[in-house]
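Engineer: Okay, here's the structure, questions in a sec.
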Amino acid sequence: MGHEDEPAEQADDLALLVSGGDRDDVYTAMGRLRARGALVAPALRRIAGELTVAAGGRSRAIDTLARLTPVEPDTTRLLMALLADDESVLVRWTAATALGTIGDRLAMPVLAQAASADEGRLEVSPGFDVSVRQTAASALARLEKSK
């Protein structure tokens with residue numbers, strides 16, 4: 001595939017990320033986006049912060065952002081804001097997970113706040129749920145160990 005096809009493929013991958021669809025197709029699109037690195041970070045940040053995008057699409061954008069290297073300061077700031085203020089439990093949980101993955105110590109105060117006060121729980125399968133509080137606490141512990 002030539003370079004002239006890259007913007008169209010990127011647009012298709014971003015659209016698939018937002019809309020969801022076949023799980024394998026979504027993960028393949030996420031992988032292609034991660035391979036583009038910093039080139040797609042601004043678009044992923046827009047999707048992650050856009051309240052008109054469904055929580056699932058925003059969560060996938062956050063997950064993809066967390067795996068881009070190098071991590072841009074704008075990404076850390078966005079994830080901190082989402083963890084602190086977003087209405088969606090899925091988005092807050094994904095932001096907490098992403099902040100632990102990124103490892104930026106600037107996120108420690110926001111993670112500590114979520115670890116002590118966020119009551120959000122997310123059922124991932126029948127009888128199994130995860131909490132924002134527990135995920136933030138795990139991410140915080142990971143950052144504290146990296147001192």
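Engineer: Scan segment 32-49 for residues that are under 14 Å from residue 92 (Cβ atoms) and surrounded by fewer than 17 Cβ atoms within 10 Å (Cβ to Cβ) and jot them down.
Structural biologist: Within segment 32-49, no residue meets the criteria.
Engineer: Does residue 64 satisfy being closer than 23 Å to residue 122 by Cα, buried (at least 16 other Cβ atoms within 10 Å of the Cβ), at pLDDT 95 or above and of a type in the set (Val, Ile, Thr)? Walk me through it before giving the result.
Structural biologist: Details: closer than 23 Å to residue 122 by Cα: yes; buried (at least 16 other Cβ atoms within 10 Å of the Cβ): yes; at pLDDT 95 or above: no; of a type in the set (Val, Ile, Thr): yes.
So residue 64 does not fit the description; no.
Engineer: Related question: Just to be sure, is residue 32 in contact (Cβ under 8 Å) with a residue 40 or more places away in the chain and of a type in the set (Lys, Arg)? Even if it seems obvious, please write down each step before you answer.
Structural biologist: Details: in contact (Cβ under 8 Å) with a residue 40 or more places away in the chain: no; of a type in the set (Lys, Arg): yes.
No; evaluated as a whole, the condition is false for this residue.
Engineer: Go through the residues of segment 78-89 one by one and say whether even a single one is at pLDDT 95 or above, among the polar types (S, T, N, Q) and part of a helix (DSSP H, G or I).
Structural biologist: No, every residue in segment 78-89 fails to be at pLDDT 95 or above, among the polar types (S, T, N, Q) and part of a helix (DSSP H, G or I).
Engineer: Now for a separate question. Just checking, how many residues over segment 103-135 are in contact with a Phe, Trp or Tyr (Cβ under 9 Å, 6 or more places away or on another chain), within 20 Å of residue 76 (Cα to Cα) and of a type in the set (A, V, I, L, M, F, W, C)?
Structural biologist: Adding up the residues that qualify gives 1.
Engineer: Inside segment 129-147, can you point out the residues that are among the polar types (S, T, N, Q), assigned to a helix (DSSP H, G or I) and surrounded by fewer than 19 Cβ atoms within 10 Å (Cβ to Cβ)? Steps first, please.
Structural biologist: So in segment 129-147, the residues among the polar types (S, T, N, Q) come out as 131, 134-135, 138, 146.
Subset that is assigned to a helix (DSSP H, G or I): 134-135, 138.
Of everything in segment 129-147, those that are among the polar types (S, T, N, Q), assigned to a helix (DSSP H, G or I) and surrounded by fewer than 19 Cβ atoms within 10 Å (Cβ to Cβ) turn out to be 134, 138.
Engineer: Can you run down the residue pairs with Cβ atoms below 8 Å, 6 or more apart or on separate chains, where the first is in segment 129-146 and of a type in the set (Val, Ile, Thr) and the partner is assigned to a helix (DSSP H, G or I) and surrounded by fewer than 23 Cβ atoms within 10 Å (Cβ to Cβ)?
Structural biologist: Matching pairs, first to second residue: 132/89; 135/97; 135/100.
Engineer: Determine if segment 32-47 includes at least one residue that is modelled with pLDDT under 95 and outside any helix (DSSP H, G or I).
Structural biologist: Scanning segment 32-47, I find at least one residue that is modelled with pLDDT under 95 and outside any helix (DSSP H, G or I), so the answer is yes.
Engineer: If you go through segment 94-128 one residue at a time, how many are surrounded by 13 or more Cβ atoms within 10 Å (Cβ to Cβ) and part of a strand (DSSP E or B)?
Structural biologist: Of the residues in segment 94-128, 2 are surrounded by 13 or more Cβ atoms within 10 Å (Cβ to Cβ) and part of a strand (DSSP E or B).
Engineer: Just the residues that are crowded, with 17+ Cβ neighbours inside 10 Å and not small (Gly, Ala, Ser), please, taken from segment 50-61.
Structural biologist: 53, 58, 60, listed by residue number.
Engineer: Oh, and also: Across segment 35-61, what is the total count of residues that are closer than 25 Å to residue 123 by Cβ, over 13 Å from the mean Cα position of the chain (by Cα) and in contact (Cβ under 8 Å) with a residue 24 or more places away in the chain?
Structural biologist: Within segment 35-61, residues that are closer than 25 Å to residue 123 by Cβ, over 13 Å from the mean Cα position of the chain (by Cα) and in contact (Cβ under 8 Å) with a residue 24 or more places away in the chain number 2.
Engineer: Within segment 58-76, restricting attention to residues that are of a type in the set (Asp, Glu) and in a helix (DSSP H, G or I), which residue is nearest to residue 19 (Cα to Cα)?
Structural biologist: Only one residue tops the list, namely 63.
Engineer: Among the numbered criteria (1) in a helix (DSSP H, G or I); (2) surrounded by 13 or more Cβ atoms within 10 Å (Cβ to Cβ); (3) at pLDDT 90 or above, which one does residue 24 miss?
Structural biologist: (2)
Engineer: Kindly indicate whether any position in segment 50-57 is under 15 Å from residue 75 (Cα atoms) and either assigned to a loop (DSSP other than H, G, I, E, B) or of a type outside the set (Asp, Glu) (or both).
Structural biologist: Step one: of segment 50-57, the residues under 15 Å from residue 75 (Cα atoms) are 50.
Subset that is either assigned to a loop (DSSP other than H, G, I, E, B) or of a type outside the set (Asp, Glu) (or both): 50.
Checking segment 50-57: at least one residue is under 15 Å from residue 75 (Cα atoms) and either assigned to a loop (DSSP other than H, G, I, E, B) or of a type outside the set (Asp, Glu) (or both).
The values are calculated or read from the model by the stated rules, or taken from the named source; none is laboratory data. For clarity, every value in this text was computed on a predicted model and none was experimentally measured. When we count neighbours, we look across all protein chains shown, and the Cβ atoms used for this are built from the backbone with ideal geometry, even at glycine.
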